[in-house]
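The values are calculated or read from the model by the stated rules, or taken from the named source; none is laboratory data. Owing to the predicted nature of the structure, the values given are computational and were not obtained by experimental measurement. Here the Cβ positions follow ideal geometry from the backbone for every residue, glycine too, while neighbour counts run over all protein chains shown. All accessible areas refer to the heavy atoms of the entire protein, side chains included, with ligands and DNA or RNA removed. Shrake-Rupley method; radii C 1.70, N 1.55, O 1.52, S 1.80 Å.
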Amino acid sequence: MMDDRSSKLILVPILAVLFVMIGYQYICPAGSNSCHFKAEEKLRGVSLLSIPYQDSDDFYRDQDLEDDSPPKLPSKFNFTERDLDRHVEFNIKGDDVIVFLHIQKTGGTTFGRHLVRNIRLEQPCDCKPGQKKCTCHRPGKEESWLFSRFSTGWSCGLHADWTELTNCVPVIMDKKEAQRNKRNFYYITMLRDPVSRYLSEWKHVQRGATWKTALHMCDGRSPTQDELPNCYIGDDWSGVTLTEFMNCPSNLANNRQVRMLADLSLVGCYNLSSMNESQRNHILLSSAMSNLKNMAFYGLTEFQRKTQYMFERTFSLRFIAAFTQINSTRAANVDLSEPVRRRIEELNYLDVQLYEYAKDLFLQRFQFTRQREHQEVRLKRREERRWLREKKEQGRPWPPKHKGGGNAGGRRVGGSEKGTEGEFPTTTEDYTSQVARW
C-alpha cells in the first residue's frame, strides 16, 4: 500500500501537467491556426513572439521557401545583376513613400492589409475598429510613408493604374502634406496567373461587383463612351455566364495586368484608332515589362512565402506574422474544359507573356538574394571563427555570445522598435484566423 505522502508526490507532477494542458487549450484552442510548435520544441511558458530571432534559426526555413518552387529551367530572359538586386535604402523616417498599385483579383486586398497591420514598426499604423483606412505616419511626424487603399484610400481613383498613379500620387501627397524636400516613391504591386485572375474577376462580377466608378484617367481625361463601351446594361453584370464575359470585346478584364502596368499615354490612351492593334499591343507589353522590372518590388500570388521574403529583404522591414499560401479559391474551383482554357489564354495573351516574364524575373531575384544571403552568413561565421582563434591564441577572455540581429547579411532592419530588433516569430503555415479578424 502507498502512504499519503507518496501519493501526494505522484499527484503533484500529474496535476501540473494537467494544468499546463488546460491552460494551453485556452491560449491555443482546437482548430486555431495561431499557435504552431515545431517538432521537439518545448513549451517554455512564453509566447513564440517573444523568442529572440537567431541567425541560426531563420524566420524562413529552407524547406518552406523551396517547397513551392517549380523545377529549375533555363531562363528565357537575359537579366543583369542590376535587374536582380532590388534592395533599396527605404527611409521611413525621411522622405520615402511606398506606393501600392493594386490590380484587381491578384490577392492585393490581403497584401494591402499586411502593409498596414502586419509590419513590425517603431510606430505601427493606427487601425481603428470599424474604419476602412489606417493612419500610417512616420515616427514622430504627421506624414504618411504608405500610399495605398488601406492608408490613403482611393485618392487617385478606384484601382488606379500605373498611368494614373505616377501622375497623381506626387500631386495628392503635396496637397495633403506640405513638404520642402523631394519625396522618393517606391512602387510595388502583386501579379497573378492570368487564367486564375480572369476567372476570379468573372466570379466577382457575377456576384454583382463593379468598378464603374474607376476614372481611367490618361492624358488629363477619362475615356469616352465610344472609347470604352460598357459590357452590360443596368447597374451591374450580376449572373453573367463565363461565355458572355468572354464575348465582350471591351471587357477590361482582358489583359488587365498589362494595361494597368503600362504607360497608356504611349498608345493614345483608350483611343484604339491611334495605331494598329499589333503595334499597340507590342508597345503595351514592352512598357508593362519595363515598368514592372523597374519597380522597387512586386510579388506573385502563387508564391506567398517568397513574396514575403523578397519584400522584407528589399525594404529591410519585417512582418510580424508569416504569409500563407491559400490555393482553395473560387477560381480554382471552376471546372474548365481545355477549349475554354485556351480561349481565356487567347483573350489574355499579353498577360500570359507578362506573367511568364514576371515569374522568371521573380524567381531569379529570389535565388540571387538567397545565394548572396548564404554567402554573407558564411563569411560572417568565418570571420567569427578567425576572431575566436586569435583571441584563444592570445589567451584573452572569450567574447560574449553573439546575439542574432534578425537581419540577413547584417543589414539594419528599418523602422524596428528599440530593444525589439531581431525578434521575430517562427514561420507559421497558416494565419487564416488572423486574416478573418481583419
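So, counting K/R as plus one and D/E as minus one, what does the shell of residues with Cβ under 14 Å around D335 add up to?
Working: positive: K203, R330, R341; negative: E338.
So the surrounding residues net to +2.
Sum up the charges of everything whose Cβ sits under 10 Å from the Cβ of Y232, counting Lys and Arg as +1 and Asp and Glu as -1, but leave Y232 out.
On the way: positive: K212; negative: D235, D236, E244.
Result for the neighbourhood of Y232: -2.
Here the Debye sum runs over all C-alpha atoms of the stretch 227-326 as equal scatterers in vacuum, and log10 of I(q)/I(0) at q = 0.12 Å⁻¹ comes out as -0.63.
Provide the per residue accessible area, probe 1.4 Å, for the stretch 277-327, rounded to a whole number of square angstrom. Mind showing how you got there, number by number?
Details: 1510 Å² over 51 residues.
Accessible surface, normalised per residue, equals 30 Å².
Atom-type composition of the exposed protein surface of the stretch 79-192 places 44 percent of the accessible area on carbon and sulfur (1.4 angstrom probe).
The label-point distance for N78 and Q364, in a model that sets each label 7 Å from Cα toward Cβ, rounds to 1.1 nm.
Mean sequence separation of contacting Cα pairs (under 8 Å, at least six apart), scaled by the length of the stretch 105-165, corresponds to a relative contact order of 23 percent. Each Lys and Arg contributes +1 and each Asp and Glu -1, all at the Cβ; summed about the Cα centre of the stretch 297-360, the dipole is approximately 320 debye.
How long are the semi-axes of the ellipsoid equivalent to the stretch 157-217, from square roots of 5 times the Cα gyration tensor eigenvalues, in whole Å, largest first?
Over the Cα atoms of the stretch 157-217, the ellipsoid semi-axes are 31, 15, 8 Å.
Annotation for the stretch 165-216 versus the stretch 102-137: alpha-carbon center distance of 14 Å. Over the stretch 153-214, accessible surface divided per residue gives 44 Å², non-protein components excluded, 1.4 Å probe. Placing unit charges on the Cβ atoms of the charged side chains and taking the dipole of the stretch 158-293 about its Cα centre, the candidate lying farthest along the positive direction among C269, S200, C168 is C168. Once the other residues with Cβ under 13 Å from the Cβ of Y186 are scored (Lys, Arg +1; Asp, Glu -1), what is the net sum? Local net charge: -1.
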